[in-house]
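Beneath this line is the structure, given in structure tokens, with notes to follow.
Quick note: the coordinates plus some simple rules give every number you see, no bench work behind them. Just so you know, these numbers come straight off a predicted model, no measurement behind them. Ideal geometry is used to build each Cβ from the backbone, glycine not excepted, and the neighbour counts take in all protein chains shown.
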Amino acid sequence: MNIEGVKISEILERYPAKPEYLIFLLQDIQKQYGFISSETMEQICDRTGVPLTQAYSVATFYQSFRLEPKGEHEIKVCLGTACHLKGGPRIVNELERRLGVKAGETTSDMKFTFDTVNCLGACAIAPVIVIDEEYHPNMTAQKLEKQIKTLGQDMTEVSEVLGHA
Ligand code: FES
């Protein structure tokens, strides 16, 4: 695998071939490719000597590691206490209904990855969502649809394509 000029093998060789470097390798691969494929995970395990099941346990324990590719746009909905009380679950339901995916999933057209997170440290402007690293305060279903449209994608069309209108 070779994306943006950096081969997996180049990343694997950055660290000594020892189990204690597993997390460093997972972090570097994730940073470079945005996710850790099953093929890459096997290469990491071959290199470090960590059993595959143990490596997956580590990767799934830390929420920051992704085992599937991300969509073009990433939407994170806060479900911390303040956001939960101010309508976060309604935003989640609206996204699930319109995109046709559950939290943690990516639409089949690879346009959107949607996930929930705990407190983003911006409780005063709850409910908060983050689209492509940009915070959007006091979110409502209407505002959400507008934001998505500004990304050049009509969620209604997405919904129709996916058969969830
Ligand atoms: S609970 Fe959502 S920002 Fe704090």
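Quote the charge dipole size of the chain about the Cα centre in Debye, to the nearest 20; the model charges only the Cβ of Lys and Arg (+1) and of Asp and Glu (-1).
520 debye
Of the chymotrypsin sites (Phe, Trp or Tyr not before Pro) found in the range 1-57, none is in coil by DSSP with at most 10 other Cβ atoms within 10 Å of its Cβ. Isolated cysteines of the chain, defined as having no other cysteine beta carbon under 4.7 Å away, are C45, C119, C123.
Estimated from the Cβ-Cβ distance and a Förster radius of 25 angstrom, the FRET efficiency linking K70 and A124 is about 0.30. Candidate cross-link partners of K7 among the lysines, defined by an alpha-carbon separation under 28 Å and a same-chain spacing of 8 or more, comprise K18, K31, K70, K111.
Of all stretches in the chain that contain no GluC sites (Glu not before Pro) in a DSSP loop with at most 12 other Cβ atoms within 10 Å, the longest one is 14-132. List the lysines whose Cα sits under 20 Å from the Cα of K86, skipping any in the same chain fewer than 8 residues away. Cα-Cα hits under 20 Å: K76, K143, K146.
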